[in-house]
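One structure is given below, encoded as C-alpha cells.
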Amino acid sequence: MEPTADDVDAIRELINIGVGRAAGMLNDITGCAISLKVPSIQIVDFAYLSGGKEKDPALSTVSLNFRGPMSGLAALVFPTESAAKLVMLMTRETEDAGEMDAIRIETLKEVGNIIINAVMGSIANVLEQHLSYSLPTYQELGISALAGSIHARVDDRLVIANAHFRIEETPVEGNLLLILELGSMDALLASIHSIDH
C-alpha cells in the first residue's frame with residue numbers, strides 16, 4: 001500500500017500529537033520553556049538511504065525497538081553538536097565538553113525515551129493495539145549503521161520526521177526516524193483509513 005498525500009499528513013499529525021505531549025512532559029520535568037514541532041515528514045523505502053553511505057556521518061542517536069502490529073525501530077537523531085547543545089540547554093550546564101559524558105548521555109536517553117514513547121503511544125492509540133518496547137540505547141553512528149542493527153531490508157519503509165526544538169527560545173534541530181519492517185506501514189495505513197471511513 002503506497003501512502004497518499006493525505007496519509008502523509010495524517011501520520012505527521014499523529015507524530016505532532018505525540019511530540020506535543022512530550023514537550024509538555026519535558027517542560028514539567030526541566031522547568032524550561034520547550035516547544036517541539038514536526039513541520040514535515042518524508043516516507044521513503046529504506047533503499048533511499050543506500051546511495052549515501054559515504055556521506056553517512058556519525059550522529060547522536062537514541063533508539064529503541066518496538067514490536068506488535070507494527071514492528072521496527074524508532075530513533076531520535078541529532079548532529080553531535082546539536083545533541084550537546086540540547087543537553088546543555090536542558091540541564092543549564094555551561095561547560096562545552098567535546099564528547100558526551102555519562103550524565104549527558106543519560107539526559108539525552110531520557111529525552112529520547114520521552115519523545116519516542118509519546119510518539120509511538122500516539123500511533124498505538126490509532127492502531128488500538130499494544131506495542132512493546134525495548135529500553136532506549138545511546139549510540140554515535142550513521143543512519144545506515146543504525147538500520148543495519150535491526151537488519152532493515154530495502155523494502156522496509158522509513159519515516160523521516162524533521163523535529164524542531166525550541167528551548168528557552170534557542171532552536172535545536174534533529175530528526176525522528178521510524179524504520180518500519182515489512183507490512184508495518186500497511187498496518188498503520190489500514191488503521192488510519194478505518195478511522196476516516
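The values are calculated or read from the model by the stated rules, or taken from the named source; none is laboratory data. Computed from a prediction, not measured in an experiment: that's the story for all the values here. Every residue, glycine as well, gets a Cβ built from its backbone with ideal geometry; the counts of neighbours run over all protein chains shown. Surface accessibility is based on the protein's heavy atoms, side chains included, excluding ligands, DNA and RNA. Shrake-Rupley method; radii C 1.70, N 1.55, O 1.52, S 1.80 Å.
Side notes on the structure shown:
- In the chain, inverting the average of 1/r over every pair of distinct C-alpha atoms gives 17.0 Å as the Kirkwood radius.
- Computed from the C-beta positions of residue 195 and residue 168 and an R0 of 30 Å, the FRET efficiency is 0.20 to the nearest 0.05.
- Radius 10 Å from Cβ of residue 165, net charge of other residues (Lys, Arg +1; Asp, Glu -1): +2
- Contact order normalised by residue count of the range 84-192, Cα under 8 Å, 6+ apart, percent: 24 percent
- Accessible carbon and sulfur surface of the range 88-173 relative to its total accessible area, %, 1.4 Å: 51 percent
- Within the chain, the whole DSSP H helices whose Cα atoms reach 24 Å or more along their own axis and whose mean Kyte-Doolittle score is at least 0.0 are 5-30, 102-127.
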